[in-house]
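Asks: Quick one: structure below, then a few questions.
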Amino acid sequence: GCSAHSVEAALVAAELGADYVQLGTMFPTRTHPGKVPEGPSLALAVAAALKARPGPTPRLVGVGGVDATNVGRLAAAGCDGAAVIRGISGAADP
(Lines give C-alpha, C1' and ligand atoms only; values in the text may rest on other atoms or scores of the structure.)
Protein backbone atom coordinates (compact mmCIF):
# COMPACT_ATOMS: atom_id res chain seq x y z
CA GLY A 1 0.00 0.00 0.00
CA CYS A 2 0.85 3.66 -0.31
CA SER A 3 -0.09 6.88 1.43
CA ALA A 4 -1.49 9.82 -0.56
CA HIS A 5 -2.61 13.37 0.09
CA SER A 6 -3.73 14.19 -3.47
CA VAL A 7 -5.45 12.67 -6.48
CA GLU A 8 -2.17 12.71 -8.37
CA ALA A 9 -0.33 10.78 -5.65
CA ALA A 10 -3.14 8.20 -5.48
CA LEU A 11 -2.96 7.69 -9.25
CA VAL A 12 0.80 7.16 -9.04
CA ALA A 13 0.25 4.63 -6.25
CA ALA A 14 -2.24 2.77 -8.44
CA GLU A 15 0.18 2.76 -11.37
CA LEU A 16 2.86 1.33 -9.07
CA GLY A 17 0.50 -1.53 -8.23
CA ALA A 18 -0.57 -0.55 -4.72
CA ASP A 19 -3.38 -2.77 -3.46
CA TYR A 20 -4.58 0.01 -1.14
CA VAL A 21 -4.09 3.75 -0.81
CA GLN A 22 -4.23 5.40 2.59
CA LEU A 23 -5.82 8.83 2.16
CA GLY A 24 -5.61 11.67 4.60
CA THR A 25 -5.61 13.49 6.80
CA MET A 26 -9.41 13.28 6.60
CA PHE A 27 -10.42 15.25 9.72
CA PRO A 28 -8.66 17.44 12.30
CA THR A 29 -6.44 15.35 14.56
CA ARG A 30 -4.10 15.90 17.49
CA THR A 31 -1.53 13.79 15.65
CA HIS A 32 -1.08 16.61 13.10
CA PRO A 33 -1.94 19.84 14.93
CA GLY A 34 -2.50 22.82 12.67
CA LYS A 35 -2.77 20.70 9.50
CA VAL A 36 -5.73 21.52 7.32
CA PRO A 37 -7.39 18.17 6.58
CA GLU A 38 -8.06 17.14 3.01
CA GLY A 39 -11.45 15.77 4.07
CA PRO A 40 -13.83 13.29 2.45
CA SER A 41 -13.81 15.37 -0.74
CA LEU A 42 -10.35 13.94 -1.41
CA ALA A 43 -11.79 10.42 -1.24
CA LEU A 44 -14.57 11.39 -3.66
CA ALA A 45 -12.06 12.82 -6.14
CA VAL A 46 -9.65 9.89 -5.83
CA ALA A 47 -12.40 7.28 -6.22
CA ALA A 48 -13.65 9.00 -9.39
CA ALA A 49 -10.15 9.33 -10.85
CA LEU A 50 -9.30 5.69 -10.15
CA LYS A 51 -12.53 4.44 -11.72
CA ALA A 52 -11.86 6.51 -14.84
CA ARG A 53 -8.54 4.81 -15.54
CA PRO A 54 -7.93 1.31 -16.85
CA GLY A 55 -6.52 -1.35 -14.60
CA PRO A 56 -7.12 -2.58 -11.09
CA THR A 57 -8.49 -0.14 -8.54
CA PRO A 58 -6.77 -0.12 -5.16
CA ARG A 59 -8.88 -0.02 -2.01
CA LEU A 60 -9.12 3.37 -0.31
CA VAL A 61 -8.52 3.76 3.43
CA GLY A 62 -9.30 7.08 5.11
CA VAL A 63 -7.05 8.10 8.00
CA GLY A 64 -6.74 11.00 10.39
CA GLY A 65 -9.22 12.12 13.00
CA VAL A 66 -11.58 9.24 12.24
CA ASP A 67 -14.10 8.29 14.93
CA ALA A 68 -17.63 6.96 15.29
CA THR A 69 -19.13 10.37 14.46
CA ASN A 70 -17.50 10.76 11.05
CA VAL A 71 -16.53 7.32 9.70
CA GLY A 72 -19.81 7.11 7.76
CA ARG A 73 -18.78 10.19 5.77
CA LEU A 74 -15.72 8.29 4.55
CA ALA A 75 -17.80 5.31 3.43
CA ALA A 76 -20.18 7.66 1.62
CA ALA A 77 -17.21 9.32 -0.10
CA GLY A 78 -15.89 6.03 -1.50
CA CYS A 79 -13.49 4.74 1.15
CA ASP A 80 -13.38 0.99 1.54
CA GLY A 81 -12.12 1.27 5.10
CA ALA A 82 -10.81 3.60 7.76
CA ALA A 83 -7.81 3.63 10.07
CA VAL A 84 -8.72 4.62 13.62
CA ILE A 85 -6.30 5.25 16.47
CA ARG A 86 -7.54 7.76 19.03
CA GLY A 87 -11.18 6.94 18.35
CA ILE A 88 -10.44 3.57 19.93
CA SER A 89 -7.45 4.12 22.23
CA GLY A 90 -8.94 7.33 23.63
CA ALA A 91 -12.45 5.93 24.14
CA ALA A 92 -13.85 5.56 27.64
CA ASP A 93 -14.71 1.94 26.85
CA PRO A 94 -12.54 0.77 23.93
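Quick grid of which residues meet (1) in a loop (DSSP other than H, G, I, E, B); (2) among the basic types (Lys, Arg); (3) under 22 Å from Arg86 (Cβ atoms):
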{"position": "Glu8", "(1), (2), (3)": "no, no, no"}
{"position": "Ala13", "(1), (2), (3)": "no, no, no"}
{"position": "Met26", "(1), (2), (3)": "yes, no, yes"}
{"position": "Pro37", "(1), (2), (3)": "yes, no, yes"}
{"position": "Pro56", "(1), (2), (3)": "yes, no, no"}
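Asks: Hey, among the residues in segment 20-61 that are basic (Lys, Arg) and touching a helix residue (DSSP H, G or I) at 6+ places or on another chain (Cβ under 8 Å), which one's most open to solvent (accessible area, probe 1.4 Å)?
Replies: Residue satisfying both the conditions and the ranking: Arg30.
The values are calculated or read from the model by the stated rules, or taken from the named source; none is laboratory data. What you see is a predicted model, and the numbers here were worked out from it, not measured in a lab. Note that each Cβ is placed from the backbone with ideal geometry, even for glycine, and that neighbours are counted across all protein chains shown. The area values use the complete protein model at the heavy-atom level, side chains included, leaving out ligands, DNA and RNA. Shrake-Rupley method; radii C 1.70, N 1.55, O 1.52, S 1.80 Å.
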